[in-house]
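Peer 1: I am attaching a structure below and will ask some questions about it afterwards.
The values are calculated or read from the model by the stated rules, or taken from the named source; none is laboratory data. Remember, predicted model here, so these are calculated numbers, not experimental data. Please note: Cβ atoms are built from the backbone with ideal geometry, for glycine as well, and neighbour counts cover all protein chains shown. Surface areas here come from the heavy atoms of the whole protein model, side chains and all, with no ligands, DNA or RNA. Shrake-Rupley method; radii C 1.70, N 1.55, O 1.52, S 1.80 Å.
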Amino acid sequence: MPLPHDLCARVQNAFRARHHKIAVDHTTQNLGILSILLRTGFISNVTRGTIESPSPTDFLRVGEAQRRIWAELKYRDDRPILSDMELISRPSRRIFMDIGELRRICSGRRAQTIKPLGMGEIAVVRTKSKEHEWLEAREALQLNLDGEVICRAR
């Protein structure tokens, strides 16, 4: 499984370079994180496609190595909506939080070594639930699911 730091770096660099679309590898992890960014309003569209273009019909015709997820980036007044996306849980130091710790960072208090979430900031949580594997921290709190805090975006 590819590491989430690759997706974080690609998205952040694409926003800084003022790209309108970005193509990332087609994995459930990338699809989960990008769908959270879509639901929270950091990106405007997510489409399956190939290396060349975001085309769902071509997606079905090509092999696994040629499949990509295309994300349409969002700007307001020529400034990127997403200003920073950083990794929290690293392969060398995984950060798992229970419900109480998630509640603390969502309500503006520090938990473990993680700074609290500010206004307009989200944290991506990977839970053990197969039905809700990738959630935003506040969604995980509502569903009473704990898990690994992967990254944060503001």
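Peer 1: Leaving ligands, DNA and RNA out of it, work out the accessible area of PHE96 with a 1.4 Å probe and give it in Å² to the nearest 10.
Peer 2: Probe radius 1.4 Å; accessible area of PHE96 about 110 Å².
Peer 1: So, one more: Show me 55-67, 140-152, 105-117 ranked by packing, highest mean number of other Cβ atoms within 10 Å first.
Peer 2: On the way: 55-67: 12.1, 140-152: 18.5, 105-117: 14.6.
Highest mean packing first, the order is 140-152, 105-117, 55-67.
Peer 1: Let me ask something else. Less than 11 Å Cβ to Cβ from GLU101, Lys/Arg counted +1 and Asp/Glu -1: what total charge do the surrounding residues give?
Peer 2: Around GLU101, the surrounding residues sum to +2.
Peer 1: Using alpha carbons only, how many angstrom separate the centre of the stretch 1-48 from the centre of the stretch 111-153?
Peer 2: Distance between centres, Cα-based: 17 Å.
Peer 1: Taking only C-alpha pairs under 8 Å that are 6+ residues apart, what is the relative contact order of the chain in percent?
Peer 2: It comes to 23 percent, rounded to a whole number.
Peer 1: Here is a further query. Within 9 Å, Cβ to Cβ, of VAL125, how many net charges do the neighbouring residues add up to if Lys/Arg are +1 and Asp/Glu are -1?
Peer 2: Net charge in that neighbourhood comes out at -3.
Peer 1: Please give the length that would be gained between LEU143 and ARG39 if that part of the chain were fully extended, namely 0.36 nm times their separation in residues minus their C-alpha to C-alpha distance (nm, one decimal).
Peer 2: Answer, rounded to one decimal: 35.8 nm.
Peer 1: Hey, got the dipole for the chain? About the Cα centre, +1 on K and R Cβ, -1 on D and E Cβ, debye to the nearest 20?
Peer 2: About 360 debye.
Peer 1: Using packing as a proxy for protection, rank 122-134, 75-87 so that the peptide with the highest average count of other Cβ atoms within 10 Å comes first.
Peer 2: 122-134, 75-87
Peer 1: Would you mind classifying the stretch 63-154 by shape? Square roots of the alpha carbon gyration tensor eigenvalues, ordered a ≥ b ≥ c; an a/c under 1.5 is rounded, otherwise it is prolate if a/b is larger than b/c and oblate if not.
Peer 2: Oblate shape, in that a/c is at least 1.5 and b/c is the bigger or equal ratio.
Peer 1: Next up: Of the lysine pairs in the chain, how many meet both conditions: Cα atoms under 28 Å apart, and a spacing of 8 or more in sequence or different chains?
Peer 2: Total qualifying Lys-Lys pairs in the chain comes to 4.
Peer 1: Counting only other residues whose beta carbon sits under 13 Å from that of LEU145, what net charge do I get with K and R as +1, D and E as -1?
Peer 2: Charge balance near LEU145 sits at -3.
Peer 1: Sticking with this structure for a sec: Got a sec to turn the phi values of the stretch 43-54 into Karplus ³J(HN,Hα) couplings, 6.51 cos²θ - 1.76 cosθ + 1.60 with θ = phi - 60°, whole Hz, x for Gly and Pro?
Peer 2: Each residue's phi maps through the Karplus curve to give 10, 9, 7, 10, 9, 7, x, 10, 4, 6, 7, x Hz.
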